[in-house]
Amino acid sequence: MNQSFKAVNIDCNFDYTYERERLAACGVDLLLRKTVTEDDIIRACADADAVVLEGAKTPMTERVILALPRCRLIAKYAVGVDNIDAAAATRAGIVVANAADYCTEEVSDHAVALLLASARRVVSMDRFVHAGNWAGFTRAQPLRRVNQLTLGLVGLGRIARATARKMAGFRLRILATDPYLTGPGNEPGVEVVSFETLLRESDLVSVHVPLTPETRGLINEAAFRAMRPNAVIVNTSRGPVIDESALIRALEEKWIAGAALDVVAEEPLPAGSALRKFDRVILTPHTGADSVDSMAHARRTVVDTIEAVVRGFWPPFPVNPKVAPRVPLRPFSEWARP
Ligand code: NAD
């Protein structure tokens, strides 16, 4: 075991006693830094063996990655790694790892909450009653029984599958599209279809893809035009997957009926964003993953990740499993943890 392994957390936000104690026991020195720019990160991590981060905006760009001569691991307290240039890390021999399953339950719960709130117009009705009203709630679109609706999942990974399992209890038809599935999808009750069919046949479209060059703007003007006029789009993945100006036009011109968004293109959502003006849009402040349980889960996973690499094993959730690591690693499954 390397006795002088240095891990640098570059955007720390809370108390790291748990991490420090567990990592000290395996010879890791955890340093806490607050960085913003690429130069800050390069300065803070010049001799780091591992870089640890939480933020969705922390710029782990190619320039930063090429300036980390000792780094063997970039570990993130999150699922989405769109702010890490994983391809550059792969070229540099650096393993990138996330906490892939830390909030599957929370985000799928949040997606279900947004889907049901949209289908039952809970938020509009709540605003109506809070404004002092009771009778006469106007419905731009008639309400439908949930089991008469079709749910379309864009992406069929961990969160989408958990969402499907929870929504299956409502006995609606569930479709999914995911070009990276090797087989039929293998999720009971979920019909795998093309993106076009999903858009055409779904009343509720729920987005669960990572943000990549391919998925940026995936839900664009053509996609909104292909959706049903009663359709609602729900996004708990990453804001830029939706072309927001196309969404605003789709809402204004009533190509679709509404949206429920935990994530938006620019976060925090600008005060003057047109999205705030629609009663048919539910907004939550990128809190889909939040719970004390998910945070504890992420912290355990990040420490496991660092400890695995220090002890010479692959981390539990490598994002770039094809990388040739700077120091060779054995399979995670061979790690017999105490
Ligand atoms: P996952 O990796 O298990 O699943 C993503 C799926 O998307 C994969 O099956 C992949 O094949 C599929 N995919 C990739 N490109 C696609 C495309 N062009 N069309 C259709 N499918 C495509 O990830 P997950 O755990 O389900 O998380 C999904 C995303 O949710 C994350 O990448 C992250 O950005 C986001 N997320 C948001 C929050 C939040 O707080 N709102 C929290 C966690 C994760």
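Numbers below:
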item: Residue check, residue 91 away from the ligand (no atom under 16 Å from the Cβ), over 22 Å from the mean Cα position of the chain (by Cα) and over 26 Å from residue 285 (Cα atoms); result: yes
item: Filter result (in a strand (DSSP E or B) and within 15 Å of the ligand (Cβ to nearest atom)) within the range 222-246; result: 233, 234, 235, 242
item: Hits in the range 287-296 (condition: surrounded by 18 or more Cβ atoms within 10 Å (Cβ to Cβ) and within 24 Å of residue 126 (Cβ to Cβ)); result: 288, 289
item: Filter result (among the hydroxyl-bearing types (Ser, Thr, Tyr) and away from the ligand (no atom under 13 Å from the Cβ)) within the range 49-81; result: 58, 61
item: Top-ranked residue of the range 153-170 - restricted to ones that are within 11 Å of the ligand (Cβ to nearest atom) and of a type outside the set (A, V, I, L, M, F, W, C), ranked as nearest to residue 104 (Cα to Cα); result: 158
item: Search result, residues across the range 151-187 that are surrounded by fewer than 18 Cβ atoms within 10 Å (Cβ to Cβ) and within 20 Å of residue 118 (Cα to Cα); result: 165, 166, 168, 169, 170, 171, 173
item: Condition met for residue 173 (at pLDDT 95 or above and more than 20 Å from the chain's Cα centre (by Cα)); result: yes
item: Residues of the range 247-272 satisfying the condition of being within 15 Å of residue 199 (Cα to Cα), touching a helix residue (DSSP H, G or I) at 6+ places or on another chain (Cβ under 8 Å) and away from the ligand (no atom under 15 Å from the Cβ); result: 247, 250, 255, 256, 258
item: Enumeration of residues in the range 194-221 that are assigned to a loop (DSSP other than H, G, I, E, B) and without any contact (Cβ under 8 Å) to a residue 24 or more places away in the chain; result: 194, 213, 214
item: Which numbered condition residue 75 misses (of (1) outside any strand (DSSP E or B); (2) touching a strand residue (DSSP E or B) at 6+ places or on another chain (Cβ under 9 Å)); result: (1)
item: Selection count, the range 284-331, where residues are more than 12 Å from the ligand (Cβ to nearest atom) and among the aromatic types (Phe, Trp, Tyr); result: 2
item: Test: residue 84 is in contact with a Ser or Thr (Cβ under 9 Å, 6 or more places away or on another chain), within 24 Å of residue 300 (Cα to Cα), of a type in the set (Val, Ile, Thr) and more than 16 Å from the ligand (Cβ to nearest atom); result: no
item: Number of positions in the range 113-150 that are without any contact (Cβ under 8 Å) to a residue 40 or more places away in the chain, in a loop (DSSP other than H, G, I, E, B) and surrounded by fewer than 16 Cβ atoms within 10 Å (Cβ to Cβ); result: 12
item: Near pairs, Cβ below 8 angstrom, 6+ apart or cross-chain, from the range 242-260 (under 14 Å from residue 226 (Cα atoms)) to any residue that is hydrophobic (A, V, I, L, M, F, W, C) and modelled with pLDDT under 95; result: 257/140
item: Residue in the range 271-280 that is of a type outside the set (Gly, Ala, Ser), surrounded by 21 or more Cβ atoms within 10 Å (Cβ to Cβ) and in contact (Cβ under 8 Å) with a residue 12 or more places away in the chain present; result: no
item: All positions within the range 171-199 that are small (Gly, Ala, Ser) and either at negative phi or away from the ligand (no atom under 11 Å from the Cβ) (or both); result: 176, 183, 189, 194
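Residues checked against (1) assigned by TED's automatic domain parsing to the domain that holds residue 158; (2) in a strand (DSSP E or B); (3) buried (at least 22 other Cβ atoms within 10 Å of the Cβ):
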site	(1), (2), (3)
52	no, yes, yes
57	no, no, no
65	no, no, yes
79	no, no, yes
88	no, no, no
91	no, no, no
96	no, yes, yes
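The values are calculated or read from the model by the stated rules, or taken from the named source; none is laboratory data. Bear in mind that the values here come from a model prediction, so they are computed numbers and not experimental data. Glycine also receives a Cβ, built like all others from the backbone with ideal geometry; neighbour counts cover every protein chain displayed.
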